[in-house]
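What follows is a set of notes on a single structure, which appears directly below.
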Amino acid sequence: MFNETDYRPTRAIIDTKAIKHNVERVMSYLPKETQLIAVVKSDGYGHGAVRIALAALQAGAGMLAVATPDEAMTVRKHIKNVDILVLGTSPSSFVKVAAEQDIVLTVTSDTWVQQVNKQPPYEKKCRVHVKIDSGMGRIGVRTETELAKIVKYINQSNHLSIDGAFTHFSRADEKDVGLTKRQFHHFMQLVGCFPEKPRLVHASNSAAILVFPEYALDAVRYGISLYGIAPSKVVEERLPFALERAMTIETELAYVKKLAAGQPLGYGGRYVTNEEEWIGTLPIGYADGLKRGLTGQEVLIGGRRAPIVGTICMDQCMIRLPHVFPEGEKVVLIGKQGDEEIAVEEWANRLDTIPYEIAVTFSSRIPRIYN
Ligand SMILES: *Cc1c(COP(=O)(O)O)cnc(C)c1O
């Protein structure tokens with residue numbers, strides 16, 4: 001599994017069995033006819049798009065989704081024979097390639113369709129999913145009139161064909177379910193305006209999948225919870241089954257020393273030892289995704305918690321040890337050790353953000369090891 005370049009002990013261990021578990025569990029929870037679209041955008045939420053896609057497909061996912069044309073091309077290079085949906089907009093210059101590569105695009109504007117229709121003919125039409133903005137306010141058609149226009153232009157097109165229609169919920173992870181209900185009804189109303197029902201109608205992200213299984217329709221888009229992470233605290237409390245976390249971030253103690261009281265540590269000397277203290281240095285820093293704001297966050301060593309002290313450097317940081325440990329001792333930054341666990345939510349709370357942002361924050365300098 002290890003490359004000869006993986007000398008640094010700082011690693012992301014990705015558990016593909018957890019990915020498979022999260023797929024199998026959600027599929028047995030959803031109606032049989034609902035297809036699972038595994039969302040592997042942003043390099044599989046930091047877990048590695050291709051390896052995650054393979055695991056999800058093996059476990060029963062029927063389709064993949066990414067955010068951008070380039071992400072679709074990267075996945076396509078390694079995985080054939082499965083549709084890849086680009087969830088965001090794509091430039092019209094990508095449509096011909098998408099058609100050849102069985103990459104399904106999202107269409108949001110009639111001017112885009114007209115632009116595509118002006119291109120020289122293709123051998124094969126590009127399949128598109130029409131995006132309906134039911135309340136998110138990001139991309140998509142909002143009214144019947146806009147929808148009618150876009151459908152008319154696509155039906156006249158020698159380049160495009162309608163394969164699906166979808167919307168995206170903006171608040172399915174919140175306590176108030178009324179907002180999502182309204183979005184769903186607005187979406188279904190517009191779906192009813194297609195002259196012919198698109199093959200694949202889909203609405204749900206992880207939060208909606210887990211909280212509103214009745215909105216599953218033809219397909220669902222499973223993102224954050226594919227990786228074992230609940231979209232929010234509210235959803236976590238309503239989970240219909242247990243998710244399994246797929247990512248562990250670990251390293252090893254690179255250096256250990258005992259300091260006398262009153263010794264400053266790191267840039268700015270922002271931490272000063274209170275008493276005689278054992279201090280360990282870890283070969284991980286903010287360039288790896290350990291944000292500077294995480295000073296004070298704990299790590300696991302010997303099954304116990306130890307705080308990060310002083311300013312986090314680009315490539316290294318210091319921790320205060322409960323007692324001496326040998327250099328090379330395993331340290332877990334995200335994941336389990338003994339009876340202790342540090343979840344991405346803990347980092348997210350400390351940084352005043354959401355677990356999604358933590359998942360995608362680990363840089364490519366951290367090798368992903370799959371088991
Ligand atoms: C990212 C994304 C998803 C997946 O959302 P999760 O909350 O991660 O499940 C689904 N649909 C669209 C359009 C997205 O952009």
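From the list Gly293, Gly280, Gly262, which one is in contact (Cβ under 8 Å) with a residue 24 or more places away in the chain, outside any strand (DSSP E or B) and of a type outside the set (Phe, Trp, Tyr)?
Values: Gly280 fails: outside any strand (DSSP E or B); Gly262 fails: in contact (Cβ under 8 Å) with a residue 24 or more places away in the chain.
It is Gly293.
Read through the list (1) in a helix (DSSP H, G or I); (2) surrounded by 20 or more Cβ atoms within 10 Å (Cβ to Cβ), then give the number of the only condition that Val299 fails.
Failing condition for Val299: (1).
So, in the range 331-348, of the ones that are in a loop (DSSP other than H, G, I, E, B) and farther than 19 Å from Ser225 by Cβ, which residue ends up least open to solvent (accessible area, probe 1.4 Å)?
Start the filter on the range 331-348 by keeping residues that are in a loop (DSSP other than H, G, I, E, B), which leaves 338-339, 343.
Next cut, farther than 19 Å from Ser225 by Cβ only: 338-339.
On the way: Gly338: 69, Asp339: 163 Å².
Filtering the range 331-348 for residues that are in a loop (DSSP other than H, G, I, E, B) and farther than 19 Å from Ser225 by Cβ, the one least open to solvent (accessible area, probe 1.4 Å) comes out as Gly338.
Within the range 65-82, can you find the residues that are more than 12 Å from Leu105 (Cα to Cα) and touching a strand residue (DSSP E or B) at 6+ places or on another chain (Cβ under 7 Å)?
Scanning the range 65-82 gives Val75, Arg76, Val82.
Go over the candidates Val272, Val309 one by one and state the one that is without any contact (Cβ under 8 Å) to a residue 12 or more places away in the chain and of a type outside the set (D, E, K, R).
Numbers: Val309 fails: without any contact (Cβ under 8 Å) to a residue 12 or more places away in the chain.
Of Val272, Val309, the one residue that is without any contact (Cβ under 8 Å) to a residue 12 or more places away in the chain and of a type outside the set (D, E, K, R) is Val272.
Kindly indicate whether Thr248 is away from the ligand (no atom under 14 Å from the Cβ) and either under 29 Å from Tyr356 (Cβ atoms) or at pLDDT below 95 (or both). Before you say what the answer is, go through the steps one by one.
Details: away from the ligand (no atom under 14 Å from the Cβ): yes; either under 29 Å from Tyr356 (Cβ atoms) or at pLDDT below 95 (or both): yes.
Yes; evaluated as a whole, the condition is true for this residue.
Can you work out which of the residues in the range 91-107 that are in contact with a helix residue (DSSP H, G or I) (Cβ under 8 Å, 6 or more places away or on another chain) and closer than 18 Å to Val151 by Cα is surrounded by the fewest Cβ atoms within 10 Å (Cβ to Cβ)?
Ranking the qualifying residues of the range 91-107, first place goes to Ser92.
Do you know which residues across the range 184-207 are farther than 30 Å from Ile13 by Cβ and either at pLDDT below 95 or within 13 Å of the ligand (Cβ to nearest atom) (or both)? Spell out how you get there, then give the answer.
So the first thing to find is which residues in the range 184-207 are farther than 30 Å from Ile13 by Cβ, and the list is 184-203.
Within the range 184-207, Phe187, His202, Ala203 meet the criteria.
Filter the range 192-240 for residues that are among the aromatic types (Phe, Trp, Tyr) and not in a helix (DSSP H, G or I); which is nearest to Thr353 (Cα to Cα)? Talk me through it step by step, then tell me what you get.
At the first step, the residues of the range 192-240 found to be among the aromatic types (Phe, Trp, Tyr) are 194, 212, 215, 222, 227.
Now restrict to residues that are not in a helix (DSSP H, G or I): 194, 212, 222.
Values: Phe194: 39, Phe212: 25, Tyr222: 21 Å.
If we take residues in the range 192-240 being among the aromatic types (Phe, Trp, Tyr) and not in a helix (DSSP H, G or I), then Tyr222 is nearest to Thr353 (Cα to Cα).
Applying the selection to the range 312-328, what residues are touching a residue at least 60 places away in the same chain (Cβ under 8 Å) and surrounded by fewer than 16 Cβ atoms within 10 Å (Cβ to Cβ)?
Val324, Pro326, Glu327, Gly328, listed by residue number.
Take the residues of the range 217-238 that are under 14 Å from Leu36 (Cβ atoms) and of a type in the set (D, E, K, R): which is farthest from the ligand (Cβ to nearest atom)?
Once the filter is applied, the top-ranked residue is Asp218.
Quick check: anything in the range 26-35 within 28 Å of Ile139 (Cα to Cα) and of a type in the set (Asp, Glu)?
Yes, that holds for at least one residue.
Taking the condition of being under 12 Å from Ile224 (Cα atoms) and either open to solvent by 10 Å² or more (accessible area, probe 1.4 Å) or not assigned by TED's automatic domain parsing to the domain that holds Ser225 (or both), how many residues in the range 44-66 meet it?
Residues that pass the stated criteria total 1.
Among the residues of the range 349-362, which ones are of a type in the set (A, V, I, L, M), closer than 12 Å to Lys291 by Cβ and either assigned by TED's automatic domain parsing to the domain that holds Asp173 or part of a loop (DSSP other than H, G, I, E, B) (or both)?
So the first thing to find is which residues in the range 349-362 are of a type in the set (A, V, I, L, M), and the list is 351, 354, 358-360.
With the extra rule that they be closer than 12 Å to Lys291 by Cβ, the set shrinks to 351, 358.
Passing the criteria: only Leu351.
The values are calculated or read from the model by the stated rules, or taken from the named source; none is laboratory data. The shown structure was predicted, so the numbers you read here are calculated from the model rather than taken from an experiment. Neighbour counts run over all protein chains shown; Cβ positions are idealised from the backbone, glycine included. The protein model used for the area step is the full one, side chains on, heavy atoms only, and it has no ligands, DNA or RNA in it. Shrake-Rupley method; radii C 1.70, N 1.55, O 1.52, S 1.80 Å.
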